[in-house]
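Just so you know, all these numbers are worked out from the coordinates, no wet-lab data involved. Not measured: the values here are computed from a predicted model. Methodologically, a virtual Cβ is constructed for each residue, glycine included, from the backbone with ideal geometry; neighbour enumeration extends over all protein chains shown.
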Amino acid sequence: MIQLPHPLLGMEVTNKGIAMLEQYVAAVRDAVGMEIPLSMDHLGHLGVMSIIRLGKAYEKYNLSWMEDVIPWTYTDLLKQISDQSPTPILTGEDIYLKEPFRVLCERHAVSKIHPDLATAGGILETHKIGDMAEDCGVPMAMHFAGTPVSCMANVHCAAATENFLALENHSLDVPWWSSIVQEGVTTPIVNHGWIDVPDRPGLGVTLNEDVVRQHLAPGTGYFEPTPQWDHERSWDRLWS
């Protein structure tokens with residue numbers, strides 16, 4: 001099955017569809033109030049004009065952003081959406097290194113960026129991405145879905161980056177998530193939406209090895225050695 005990028009599927013939303021999608025946003029906004037920032041993701045494979053129409057329909061709900069409305073590689077189309085949508089547009093969790101972000105920021109193709117530190121290039125690279133975006137007047141949220149170790153890396157980067165907005169987190173409903181690390185952190189790690197920045201060396205936390213071992217994926221071990229590579233046999237296979 002061929003996987004086509006969003007704009008090439010030609011899927012557009014009817015007025016009835018936009019009204020239905022608006023009901024979801026209205027219900028959430030009504031539940032949290034206007035004082036709490038609200039954003040959205042996973043709009044589906046929609047065409048550019050439908051995204052623009054949705055951005056206009058959502059204006060009254062004051063969303064912080066609509067995320068990944070089309071693939072980030074379509075710079076000109078993102079620019080078209082951003083120019084016409086009153087709802088801010090955000091992307092970046094799939095982007096590696098600073099250079100692609102520079103293109104989006106310098107073109108003002110998006111309102112905000114959203115790098116994932118664990119895949120964008122690490123703490124220093126993500127900090128550079130944030131500083132570059134700041135020079136272009138673009139704020140930076142940070143995508144994150146991982147362990148408290150990666151969380152602390154994000155926290156240190158965010159604390160050192162002036163245009164940081166918010167850090168994503170998917171693990172509030174995992175009861176043992178905070179206990180993966182110990183020393184230097186308060187629990188719960190995410191406390192009413194805030195995370196304390198550790199002041200100990202390194203990332204400021206220590207692995208709780210007993211808890212990690214309890215939650216290993218089936219069939220995996222704890223820091224098992226990498227299987228030894230048989231160079232001679234591998235070389236033979238290359239040339240067979």
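Within the chain, what's the longest run with no GluC sites (Glu not before Pro) in a DSSP loop and at most 10 other beta-carbon atoms within 10 Å? Give the range, please. If you can, show how the numbers build up before the last one.
On the way: sites that count: 35, 162.
Between the exposed loop sites, the longest stretch runs 36-161.
Which Cys residues of the chain have no other Cys beta carbon under 4.7 Å away?
151, 157
Can you list the DSSP H helices in the chain whose Cα atoms extend at least 27 Å along the helix axis and whose mean Kyte-Doolittle hydropathy is 1.0 or higher?
Working: long enough: none.
Length and hydropathy pass: none found.
Pick from 61, 96, 24: which is most flexible by mean-square fluctuation in a GNM of the chain where alpha carbon atoms under 10 Å apart are linked?
Most flexible of the set in this elastic network: 24.
Would you list 211, 48, 181, 138 from fewest to most Cβ contacts within 10 Å? Please report the intermediate quantities before stating the final value.
Working: 211 15, 48 18, 181 24, 138 21.
With the sparsest Cβ surroundings first, the list reads 211, 48, 138, 181.
Before anything else, pin down the relative contact order of region 43-91: Cα pairs under 8 Å, at least 6 apart, normalised by residue count, whole percent. List each step's numbers first, then the result.
Numbers: 54 pairs, mean separation 23.8, N = 49.
Relative CO of region 43-91 lands at 49 percent.
Have a look at 144, 164, 223 and tell me which one the Gaussian network model of the chain (Cα, springs below 10 Å) gives the largest fluctuation.
In the Gaussian network model the winner is 223.
Considering only 130, 221, 44, give the residue with the highest GNM mean-square fluctuation for the chain, with springs between Cα atoms whenever their separation is below 10 Å.
Comparing 130, 221, 44 in the GNM, the peak value goes to 221.
Would you kindly derive the ³J(HN,Hα) couplings of region 110-119 from the backbone phi angles with the Karplus curve 6.51 cos²θ - 1.76 cosθ + 1.60 (θ = phi - 60°), listing them in order in whole Hz, with x for Gly and Pro?
9, 7, 8, 10, 8, x, 9, 4, 6, 10
What distance in nm lies between label points placed 7 Å from Cα along the C-beta direction at residue 79 and residue 213?
For residue 79 paired with residue 213, the spin-label model returns 5.7 nm.
For the chain, what does the helix formula give at 222 nm: sum of -39500 (n - 2.57) over DSSP H segments with n ≥ 4, over the residue count, nearest 500 deg cm²/dmol?
-11500 deg cm²/dmol, from helical runs alone.
Could you calculate the FRET efficiency of residue 119 with residue 62 from 1/(1 + (r/R0)^6), where r is the beta carbon distance between them and R0 is 25 Å, rounded to 0.05?
Working: r = 30 Å, r/R0 = 1.20.
Efficiency for this residue pair is about 0.25.
When only C-alpha pairs under 8 Å and at least 6 residues apart count, what is the relative contact order of region 1-112, in percent? Kindly include the intermediate steps, with their values, before the conclusion.
Details: 147 pairs, mean separation 28.5, N = 112.
Dividing the mean separation by the residue count of region 1-112 yields 25 percent.
What does region 1-90 give for Rg and for Dmax, in Å, if only its C-alpha atoms count?
Rg and Dmax of region 1-90, Cα atoms, are 13.2, 45 Å.
Could you please state, rounded to a whole Å, how far the C-alpha centre of region 185-230 is from the C-alpha centre of region 17-59?
Going from one Cα centre to the other spans 36 Å.
Need one word for region 92-222: rounded, prolate or oblate. Basis is the Cα gyration tensor (sqrt eigenvalues a ≥ b ≥ c); a/c below 1.5 gives rounded, then a/b vs b/c decides. Each step should come with its number before you reach the end.
Values: a/c = 2.32, a/b = 1.88, b/c = 1.24.
Because a/c hits 1.5 or more and a/b exceeds b/c, region 92-222 counts as prolate.
With the crude spin-label approximation of a point 7 Å out along Cα→Cβ, what separation in nm comes out for residue 197 versus residue 183?
With each label placed 7 Å out from Cα toward Cβ, I get 2.2 nm.
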